[in-house]
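The values are calculated or read from the model by the stated rules, or taken from the named source; none is laboratory data. These figures come from a predicted structure and were not determined experimentally. Counting neighbours? That spans all protein chains shown, and the Cβs are built from the backbone with ideal geometry, glycine included.
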Amino acid sequence: MGASQTRSERKHQDLADRTGFSPEQIKNLHKRFQHLSGNEETISRENLDSIPALANNPIRKQIIEAFFDKRNQRQDEVGSCEEIGFEQFLMVMSHFRPPTLKTTDEEKEALRKEKLRFLFNMHDTDNDGTITLDEYRKVVEELLSKSGAIGQEAAKAIADAAMLEVASTNVPHMAPDDFYEGITFEHFEQILKGLEMESRMHIRFLDVDTTTMRCGKSTS
Amino acid sequence: MEDLWSVAAGVFQVWMFVVVFLIMLPAMFGLSLGVTGVYIQILVKILEWATIRIQRGRQEQPSVPVPLPNGIIERAGGSMEEEMVRLRRSRSLAGGEFALSDAFYFYKKGLESIVDDQVTQRFSSEELASWNLLTRTNQNFRYISLRLTIFWGLGVFVRYGVLFPLRITLAIIGLSWLVIGTTFVGFLPESSVKNWLSELVHLTCYRICARGLSATIHYHNRENKPKKGGICVANHTTPIDVVILANDGCYAMVGQVHGGLLGVIQRSMVRSCPHVWFERSEMRDRHAVTSRLRAHVAARTKLPILIFPEGTCINNTSVMMFKKGSFEIGGTIYPVAIKYDPRFGDAFWNSGKFNMVSYLLRMMTSWAIVVNVWYLPPMTIQDGEDAAQFANRVKSANADQGGLLDLAWDGGLKRGKVKDSFKEEQQKMYSSIIVGQNGLRSQRACAESTEEQPCYKHTET
């Protein structure tokens, strides 16, 4: 109590300014972080792997990897870490912070680009700036079942067809011998241009206490 | 010096008088002097006042945090199919095709799971919506007012100074009575008198132990009480569940043979009536366990077996998967739902955090234990139902009656990991969504693309 609480409050406030979460949300996320890490300072891939609900998810490896990817730390570094601390955890989460009432249109556009960049990084595993056919096919295969409704051949065919579609959309007059490098970030943005992301790709934090809301002040 | 001894002796005599005549004897006969009832009522009034005071304090000091008992994020409730349809409609895609945006559904679900999930929160104590004046639940609450702090201080004094010694005495008396009583009854030859005496000994001992925890138990629907030759299943929160249930009837316990004090109690209990204790090596052999239980049930004169099918302690906000082993034995199942009132004390045993002794000490220094026990109507396995489906049916009935959340997850996840087969389920679901009835179309597209020259080169076939 006492002194240590104000110190962590100041740290939370500092993190709040940098990531865009409110101090309240940061506190909740901190509790969650400690729960996941078993009260340690850092979490590793094993800690995230042990979440039961995540085990359901076919692309959980990519999602977990995204937390350890240095590209998502907004510091222009590349590579990946073995363990991350709470600050890095928050940095990754901040890509999905909810927009407040005060977000302007440009900020919304910037947020959207950020989210797209995050998702692009998730697929571009070798960090060469493009999503190649192999990386794309890997995504499709992870999502489809290896047994059951779709066989190996059909899965491959779906991946190829999708890649073909992407290629023809972006480079309409390709000659038969041209080598299609892969999807660059600009292509990626173009493919997903019409997709409405605001309501899909952010985490909506619950705000139970309405008595502390005051007029003119948003508490998201 | 002698005065001190005589004073001490006098105090001790008064103490034993109070304990024996005012608590133990009425407990043995199932009567109550009503003291606990009055105590609970006073406690409720104090806690209500405390809650209002804290709420007022929150309005005045906005920095006081609010606990979120249901998780910290809001989740969209749609199923995978609904979400996919919505995603694909906005992109005007047909079936049999894959779009990059399909993956969004999985990203979002994955991130939500990392931020908050339904399972890991079940293995730690429930967060209360308002402080109940116990230090141990004071994670979120700060100094609000002087009066509140005074009440808290008084509470500490009452709980540790007055109630705790009383409870320890009662617990010791209760347990020694159990051991001595059952050993004596064990000397008698098999007869209905022996059974009746054994029931009496067990009941009185458990009643004393319940008083030793200041437990107020409300039994509902007692006409559905488990009968001989049946199996009683209940949700598991704490080892005290046994005391709670055994206050109202005699059960045959099932469990592992322990050493130490618990072993002594087990050995003496089994002399007077047939409990089922397994050696550690036997527990691993599922067939041996099942056949022994089956033999017990088949002899319809034996006491109903008490089993906790979750296999581990859950924090009493939800019911997790009932393991199907208990439901394969046959016989009639009598489900029982147990719900603890968290205002008066946290009954959940977090076995990773506390060992048995510190857990019992915590229990004895809480305000009280207030429990609701519902006896549900008996259920039997129906035709065309397998053990797992039957287990789920019983679990739903249990969760419904107790007001608990019905989860399909396995309580064993407290210590282990999820199997890979769950991931397969999600993959299958997604595959069938995008292929659906358009399997033909994707195959035709495949044929077309191999006929014309591909516009890109593969780096590998």
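Figures for the structure shown
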{"quantity": "Whichever residue in the range B:270-306 is of a type in the set (S, T, N, Q) and free of Cβ contacts under 8 Å to residues at least 12 places away in the same chain and, among such residues, is surrounded by the most Cβ atoms within 10 Å (Cβ to Cβ)", "calculated": "B:291"}
{"quantity": "Hits in the range B:326-360 - residues which are buried (at least 23 other Cβ atoms within 10 Å of the Cβ) and β-branched (Val, Ile, Thr)", "calculated": "B:333, B:336, B:338"}
{"quantity": "Subset of the range B:408-426 that is at the interface with chain A (Cβ under 10 Å from one of its Cβ atoms) and modelled with pLDDT of 75 or more - its residue that is farthest from residue B:309 (Cα to Cα)", "calculated": "B:409"}
{"quantity": "Contacts under 9 angstrom Cβ, first residue in the range B:384-401 being without any contact (Cβ under 8 Å) to a residue 12 or more places away in the chain, partner among the β-branched types (Val, Ile, Thr), 6 or more apart", "calculated": "B:389/B:381; B:396/B:319"}
{"quantity": "Hits in the range B:288-328 (condition: of a type in the set (Ser, Thr, Tyr) and under 20 Å from residue B:122 (Cα atoms))", "calculated": "B:312, B:317, B:318"}
{"quantity": "Residues being surrounded by 17 or more Cβ atoms within 10 Å (Cβ to Cβ) and touching a Lys or Arg at 6+ places or on another chain (Cβ under 9 Å) - total across the range A:67-79", "calculated": "4"}
{"quantity": "Count of residues meeting criterion [touching a residue at least 40 places away in the same chain (Cβ under 8 Å) and within 10 Å of another protein chain (Cβ to nearest Cβ)] in the range A:13-23", "calculated": "0"}
{"quantity": "Any hit, the range B:361-375, residues being buried (at least 20 other Cβ atoms within 10 Å of the Cβ) and assigned to a helix (DSSP H, G or I)", "calculated": "yes"}
{"quantity": "Search result, residues across the range B:387-403 that are more than 13 Å from residue B:321 (Cα to Cα) and either modelled with pLDDT under 85 or surrounded by 17 or more Cβ atoms within 10 Å (Cβ to Cβ) (or both)", "calculated": "B:401, B:402, B:403"}
{"quantity": "Which numbered condition residue A:135 fails, given (1) modelled with pLDDT of 70 or more; (2) surrounded by fewer than 18 Cβ atoms within 10 Å (Cβ to Cβ); (3) within 9 Å of chain B (Cβ to nearest Cβ)", "calculated": "(3)"}
{"quantity": "Failed item, numbered, when residue A:9 is tested on (1) part of a helix (DSSP H, G or I); (2) of a type in the set (D, E, K, R); (3) over 28 Å from residue A:137 (Cβ atoms); (4) at pLDDT 75 or above", "calculated": "(4)"}
{"quantity": "Residue match in the range A:79-97 (condition: in contact with a His (Cβ under 7 Å, 6 or more places away or on another chain) and within 13 Å of residue B:110 (Cβ to Cβ))", "calculated": "yes"}
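This table checks each residue for (1) more than 17 Å from the chain's Cα centre (by Cα); (2) more than 8 Å from chain B (Cβ to nearest Cβ); (3) assigned to a loop (DSSP other than H, G, I, E, B); (4) surrounded by 15 or more Cβ atoms within 10 Å (Cβ to Cβ).
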| residue | (1), (2), (3), (4) |
| --- | --- |
| A:36 | yes, no, no, yes |
| A:46 | yes, yes, no, no |
| A:58 | no, no, yes, yes |
| A:65 | no, yes, no, yes |
| A:84 | no, yes, no, yes |
